[in-house]
Amino acid sequence: MNIVKYLTFLALTCFSASTLFAESEIDQGEITIGSVWQLDRNGSSLASRSHGQVIYFFSSDAYHTYRARKFQDWDNFSAVDSRNLVRLKKNQKIKLEKSQFNNAIYAVKLLDGFHAGKTYYLIAEELKQNFIQEKDHVESV
């Protein structure tokens, strides 16, 4: 009976670990620093009252939100002041400046809109889900 419990525990552990690693790894093959991306669809439209893709003024706010989503640990999540958020609208463009926190967060420079030229932070998963890369604007860093 102990062997069955042990094998069940081992199988669940292996499955959980592989799921965790699969979710944490974002395909970095086509994401390059210096590339330009355009918002294809408004993210967060179902989760909040106003539409638009949220980007963060502080990298720590973006990282805490990313970790809370990933681990469903909302108890240790610190609320983000809405004054430190910017909502991008569809077709607005960003340029990737650098990655942080093991490629979980990107520093992005806004290329158009009211806050053009300023640097904000975007969760990498949202980049892949809501943006399309412009093929003509890839720069080498």
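FYI, it's all coordinate maths here, none of it is from the lab. Model, not experiment: these values are computed from the prediction. Reconstructed Cβ throughout: ideal geometry from the backbone, glycine too, with neighbour counts over all protein chains shown.
Results, tabulated for the structure shown:
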read-out	value
Residues of region 84-121 classified as touching a Lys or Arg at 6+ places or on another chain (Cβ under 8 Å) and on the phi > 0 side of the Ramachandran plot, total	2
Top-ranked residue of region 103-122 - restricted to ones that are touching a helix residue (DSSP H, G or I) at 6+ places or on another chain (Cβ under 8 Å) and assigned to a loop (DSSP other than H, G, I, E, B), ranked as surrounded by the most Cβ atoms within 10 Å (Cβ to Cβ)	Ala104
Selection within region 72-102 - among the charged types (D, E, K, R), surrounded by fewer than 13 Cβ atoms within 10 Å (Cβ to Cβ) and in contact with a strand residue (DSSP E or B) (Cβ under 9 Å, 6 or more places away or on another chain)	Lys89
Scope region 56-71; condition touching a strand residue (DSSP E or B) at 6+ places or on another chain (Cβ under 7 Å) and in a helix (DSSP H, G or I); matching residues	Ser59, Ala62, Tyr63, Thr65, Tyr66
Total residues in region 78-128, condition hydrophobic (A, V, I, L, M, F, W, C) and within 13 Å of Trp37 (Cα to Cα)	10
